[in-house]
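Only one structure is covered here, and it is reproduced in the block below.
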């Protein structure tokens, strides 16, 4: 029997698990260097994660971001967020979506629940949601298309990993 998934708002207390989840991607990149996510350079220090989360949480409180986490058995296993990346008046109608789900919880519909939750929260705060996906991350591309995102372009050879190139697909959703 599959455990129940709870999608809820991000809480300040989620920091520890969210940081641990994010840092797990560095280990996953060792297993799969072509992993379809942007995690580069050296693993951040916990102090850097604290700085990131503090700034992110401030954006949530100020209305410049929306976010949801997924919990399974009381454990945070994923997060989706939409951030206003530029505060300039003529582009602040746009938000950038990011999503992260622990490897062992992917393929269970959690991504759909998280993205759907964030889209609902974004209405009235954003008009356009943008995102990108690596060519080799077909599950993510299917998720975005299922949630109504439309592809508007491809960056050829946009990412270079291990001396080979990966195209990046760009999506948007008007809400």
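The values are calculated or read from the model by the stated rules, or taken from the named source; none is laboratory data. Quantities reported herein were computed from a predicted structural model and do not represent experimental measurements. Here the Cβ is made from the backbone with ideal geometry for all residues, glycine too, and neighbour counts use every protein chain on show.
Things worth noting here:
- Verdict on residue 22 being touching a residue at least 40 places away in the same chain (Cβ under 8 Å), part of a helix (DSSP H, G or I) and under 30 Å from residue 158 (Cα atoms): yes
- Test: residue 159 is buried (at least 18 other Cβ atoms within 10 Å of the Cβ) and part of a strand (DSSP E or B): yes
- Those residues of region 108-124 which are in contact with a helix residue (DSSP H, G or I) (Cβ under 7 Å, 6 or more places away or on another chain) and over 11 Å from residue 68 (Cα atoms), in sequence order: 112
- Subset of region 70-92 [touching a strand residue (DSSP E or B) at 6+ places or on another chain (Cβ under 6 Å) and under 22 Å from residue 132 (Cβ atoms)]: 70, 78, 79, 80, 81, 82, 83, 84, 85
- Filter pass, residue 67 being touching a strand residue (DSSP E or B) at 6+ places or on another chain (Cβ under 9 Å) and crowded, with 17+ Cβ neighbours inside 10 Å: yes
- Single residue of 133, 140 found to be under 17 Å from the mean Cα position of the chain (by Cα), surrounded by 14 or more Cβ atoms within 10 Å (Cβ to Cβ), in a strand (DSSP E or B) and at pLDDT below 95: 133
- Members of region 107-130 found to be under 24 Å from residue 159 (Cβ atoms) and at pLDDT below 95, listed by number: 107
- Meeting the requirement of 1 or more residues that are touching a residue at least 40 places away in the same chain (Cβ under 8 Å) and within 24 Å of residue 30 (Cα to Cα), the strands (runs of 3 or more DSSP E) wholly within region 40-121 are 75-83, 94-101.
- Residues that are surrounded by 12 or more Cβ atoms within 10 Å (Cβ to Cβ) and in a strand (DSSP E or B), drawn from region 166-175: 166, 167, 168, 169, 170, 171, 172, 173
- Filtering region 93-104 to residues that are more than 14 Å from residue 131 (Cβ to Cβ) and either touching a strand residue (DSSP E or B) at 6+ places or on another chain (Cβ under 7 Å) or surrounded by 11 or more Cβ atoms within 10 Å (Cβ to Cβ) (or both) leaves 93, 101, 102, 103.
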